[in-house]
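Participant: Just dropping this structure here.
What follows draws every value from the coordinates through simple rules; no lab data is involved. Because the structure is a prediction, the values reported are computed rather than measured. When we count neighbours, we look across all protein chains shown, and the Cβ atoms used for this are built from the backbone with ideal geometry, even at glycine.
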Amino acid sequence: MVKKLKIGLLGLGTVGSGVPLILTSHKEKIAQVTGADIEIGKVLVYNEEEKKRQAEIYPHLELTTDFQEILDDKEIEVVVELIGKIEPAKTYISQALKSGKHVVTANKDLLATHGRELSTIAQEQQVDLYFEASVAGGIPILRTLANSLAADNIEKVLGIVNGTTNYMLTKMLEDGISYEVALKNAQELGFAESDPTNDVDGIDAAYKMIILTNFAFGMFIDFDDVSIRGIRSITMEDVEIATRLGYEIKLIGTSEKVNDSVTVEVAPMLVSTQHPIHAVKNEMNAVFINSSGLGESMYYGPGAGAKPTATAVVSDIITIAKNIRLGITGSRFNSYKLEKKLAEDNLLFNKYYFALESVDRSGQLLLLSKIFAEEHGSVDQLIQQKTNGEMARIVVITHEISKQQLKKITEKISQQDSFKLLNTFKVLEA
């Protein structure tokens, strides 16, 4: 006999509206896979005005503006949170878990800041908490890390995990438009919010890298542990020179294991045209993994949107339905756990791009070379361009130096009145 499994859905926005669509259109397959007839019991909406509007679109759904109705409904076994932001989502999820209901969420902000607390509550109550859709939309990267790569030793995870900035940087390169125009286009297409801060300043990508770090390396890190830099400072000159040198600028999130410690960063990087992640264009996402067993692997797909993200949400519901049938609920989504340890700057090595403006007079290149030599750094590529009769633009790509060396070189350049440091980016080779 097929069991009925009722869910309480919080939110009918972009992703929330995709959940009933997926459950209905894939109903037969889902029932065969789970042995359950999954249906939506109640849907929480913001207020009476939205309730009236949504009732016209979804006449078959029972809508409510009171979360307590979902909490008190004994037939609802799974709560799906898709309202976003920290509150009231955190309160709703905590109450649902403590009431013995399983939870599915796509809330990266909440999980990055309170994931450890919520996972502990779920384990104490022996209920499930799944959040595949919180990172890279429809790409099943968390389940891949937790299950498919559980036997492997992961060394580095890097990726394009924010579609808005990737779209903007793609258009700056391919269409030759400025940052400001690219942002305006992204907003008109619905890729960027009216306030784009979380996207363009790297905050959204940082939340996702915190979650990826937990799954890849077993460590719960804090937001302040992530080195974050957005794309506001990128100029068309940077884009053009990067292209001349065989690179493309992309906002990359990286999480890397160094001995028994980790380093996590979100920043614009010069990506070699030979690197697979270079081919990821527009609003698409990709996560690239280096591991000792598999070697290099990349997971690519849409990072947002109603259907892709809702598909990931429903996959979590399916997992819970299976767990209920087998009587194995209550395990952590990711059971890998280590104490947090952050890598020291002197252990982090990479090539770097420097863009400087210099007074156009003899001896400047010698002075710059001296600064690098004093910190035992060396130059791999160098370009000098005259900008006007008095100033010149100098671009340097170094050989590998430590993050500690980078800071010292940057400080010494900044102390010279004849130099103005315009930008520094990490360089990602194939």
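Participant: Can you tell me the dipole magnitude for the range 143-301 around its Cα centre, using point charges on the Cβ only (Lys, Arg +1; Asp, Glu -1), in Debye to the nearest 20?
Facilitator: On the way: 11 positive and 23 negative charges, 77 e Å.
With only Lys, Arg, Asp and Glu charged at Cβ, the dipole is about 360 debye.
Participant: In deg cm²/dmol and to the nearest 500, what is the mean residue ellipticity at 222 nm of the chain if only DSSP H runs of at least 4 residues count, each as -39500 (n - 2.57), divided by the residue total? Mind showing how you got there, number by number?
Facilitator: On the way: 14 runs with 154 residues, N = 430.
Rounded to the nearest 500, the figure is -11000 deg cm²/dmol.
Participant: Would you please give the residues with an amide H less than 5 Å from that of Arg229, counting only those at least 5 places away or on a separate chain, with H modeled from the backbone geometry?
Facilitator: Residues meeting the amide H criterion: Val266, Ala267.
Participant: Oh, and also: Is the shape of the range 118-226 rounded, prolate or oblate, going by the alpha carbon gyration tensor and its root eigenvalues a ≥ b ≥ c, with a/c under 1.5 for rounded and a/b larger than b/c for prolate? Don't skip to the end; give the middle numbers.
Facilitator: Working: a/c = 2.50, a/b = 2.01, b/c = 1.25.
Prolate, because a/c is 1.5 or more and a/b exceeds b/c.
Participant: Please state the relative contact order of the range 228-364 as a whole percent: Cα pairs under 8 Å, 6+ residues apart?
Facilitator: Relative contact order, the range 228-364: 19 percent.
Participant: Let me ask something else about it. Name the residue farthest towards the positive end of the dipole of the chain from the options Ile40, Asn153, Gly100, assuming +1 on Cβ of Lys and Arg, -1 on Cβ of Asp and Glu, about the Cα centre.
Facilitator: Asn153
Participant: Please work out how much length the chain gains when fully extended from Gln381 to Asn259, using 0.36 nm per residue of separation minus the C-alpha to C-alpha distance, in nm with one decimal.
Facilitator: Working: separation 122, 0.36 × 122 = 43.92 nm, distance 3.01 nm.
So the extension gain works out to 40.9 nm.
Participant: What are the ³J(HN,Hα) values, in whole Hz, obtained from phi via the Karplus relation 6.51 cos²θ - 1.76 cosθ + 1.60 with θ = phi - 60°, for each residue of the range 80-88 in sequence order, with x given for Gly and Pro?
Facilitator: 10, 9, 9, 9, x, 6, 6, 10, x
Participant: Here is a follow-up. Please identify the helices of the chain, taking whole runs of DSSP H, that span at least 20 Å along their own axis as judged from the Cα atoms and have a mean Kyte-Doolittle score of -1.0 or higher. Write down the numbers at each step before the final one.
Facilitator: Working: long enough: 108-125 (23 Å, -0.68); 203-217 (21 Å, 1.15); 306-326 (30 Å, 0.65).
For the chain, where a helix must reach 20 Å along its axis and average at least -1.0, the hits are 108-125, 203-217, 306-326.
Participant: Please report how far the C-alpha centroid of the range 247-265 lies from that of the range 385-430, rounded to the nearest whole angstrom.
Facilitator: Cα centres, the range 247-265 to the range 385-430: 21 Å.
Participant: While we're looking at this one, here's another question. Counting Lys and Arg as +1 and Asp and Glu as -1, each charge on the Cβ, what is the dipole of the chain about the Cα centre in debye, to the nearest 20? Before the final figure, lay out the partial values.
Facilitator: On the way: 45 positive and 58 negative charges, 151 e Å.
In debye, rounded to 20, the chain gives about 720.
Participant: Please report, for the Cα atoms of the range 1-102, the Rg to one decimal and the Dmax as a whole number; what are they, in angstrom?
Facilitator: According to the Cα coordinates of the range 1-102, Rg and Dmax are 13.5, 40 Å.
Participant: Decide, for the range 178-292, between rounded, prolate and oblate: order the square roots of the alpha carbon gyration tensor eigenvalues as a ≥ b ≥ c, take rounded if a/c falls under 1.5, and otherwise choose prolate if a/b is larger than b/c, else oblate.
Facilitator: On the way: a/c = 2.05, a/b = 1.37, b/c = 1.49.
Since a/c reaches 1.5 but b/c is at least a/b, the shape of the range 178-292 is classed as oblate.
Participant: Let me ask something else. Rg to Rh for the range 238-363: what is it, with Cα atoms only and Rh by Kirkwood? Before the final figure, lay out each step's value.
Facilitator: Details: Rg = 20.7 Å, Rh = 18.9 Å.
With Rh from the inverse mean 1/r over Cα pairs, Rg/Rh is 1.09.
Participant: Can you compute the charge dipole magnitude of the range 296-430 about its Cα centre, using +1 on each Lys and Arg Cβ and -1 on each Asp and Glu Cβ, nothing else charged? Give it in debye, rounded to the nearest 20.
Facilitator: Approximately 660 debye in magnitude.
Participant: With the Cα gyration tensor of the range 144-200 in hand, give its eigenvalues times 5 under a square root as the equivalent ellipsoid semi-axes, listed largest first in whole angstrom. Each step should come with its number before you reach the end.
Facilitator: Values: eigenvalues 207, 34, 14 Å².
Ellipsoid half-lengths, sorted descending, are 32, 13, 8 Å.
Participant: For a Förster distance of 25 Å, can you work out the FRET efficiency between the beta-carbons of Leu366 and Gln274, rounded to the nearest 0.05?
Facilitator: Using R0 = 25 Å, I get an efficiency of 0.15.
Participant: A further question follows. Taking the Cβ-Cβ separation of Leu294 and Asn346 as r and a Förster radius of 25 Å, what is the calculated FRET efficiency to the nearest 0.05? Show your work: numbers first, answer last.
Facilitator: Values: r = 30 Å, r/R0 = 1.18.
The computed FRET efficiency comes out at 0.25.
Participant: On the principal axes of its Cα set, how long, how wide and how thick is the chain? Give whole Å, largest value first.
Facilitator: Largest first, the chain extends 84, 45, 33 Å along its Cα principal axes.
Participant: For Asp380, which sequence-distant residues (separation of 5 or more, or a different chain) have an amide H within less than 5 Å of its own amide H, given hydrogens modelled in the peptide plane?
Facilitator: Excluding prolines and chain starts, which carry no amide H, the hits are Ile397, Thr398, His399.
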